[in-house]
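See structure below.
The values are calculated or read from the model by the stated rules, or taken from the named source; none is laboratory data. Every value quoted in this text rests on a predicted model; they were computed, and no experiment measured them. As a convention, Cβ positions derive from the backbone with ideal geometry for all residues, glycine included, and neighbour counts pool all protein chains shown.
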Amino acid sequence: MGATVKVASLSDEGDLGPVAEINVTPLVDVMLVLLIIFMVTAPLMMSQLPIALPKPSLVPSDQPAQKITVDFDLQNQYYIQTNDDPKEAVVYTELPQRLRSIAAENPNELITVCADKDSVYDRVVDLMSVVGEAGFSKVSLCP
């Protein structure tokens, strides 16, 4: 790699003119400091994420997963549906007790919470909290 040396010509006053060259040394120093900072902080950031991966199972399950759905409409009517059974209308005051009875039979089952697209977000959150308090630990939302 060759380098050229520029000789600044003398102006009328006898001073040297400006030389337009980039000084690379400070740039390299800054990059090395940043590299060291990232090398030190990267392992510290990774230790803050607790991840519990599921255990693989080689035994296929013979029972199909039970499908449980809880939903409501704009007329404040709540429904519970298990598998492919027809929807069962439930009064809101009886909903926690009915969900507790289902959760007692299958506490590890996935329950899906559905809502009308025009419903208020607070009602969806309220229904999800009722489902969680009933004992279900796996809750999903309808697409």
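Return the pair list, or none, for Cβ contacts closer than 9 Å from residues in region 117-135 that are loosely packed, with under 12 Cβ neighbours inside 10 Å to residues that are in a loop (DSSP other than H, G, I, E, B), at least 6 apart or on different chains.
Asp118/Leu74
Which residues, taken from region 75-92, are within 29 Å of the chain's Cα centre (by Cα) and at pLDDT below 85?
Of everything in region 75-92, those that are within 29 Å of the chain's Cα centre (by Cα) and at pLDDT below 85 turn out to be Thr82, Asn83.
Would you confirm, using the coordinates I've provided, whether Val130 is touching a strand residue (DSSP E or B) at 6+ places or on another chain (Cβ under 8 Å) and not small (Gly, Ala, Ser)? If you could, list the steps in order and put the result at the bottom.
Numbers: touching a strand residue (DSSP E or B) at 6+ places or on another chain (Cβ under 8 Å): no; not small (Gly, Ala, Ser): yes.
So Val130 fails the test.
How many residues are under 13 Å from Val131 (Cβ atoms) and of a type in the set (D, E, K, R) when one looks only at region 70-84?
Total satisfying the criteria: 1.
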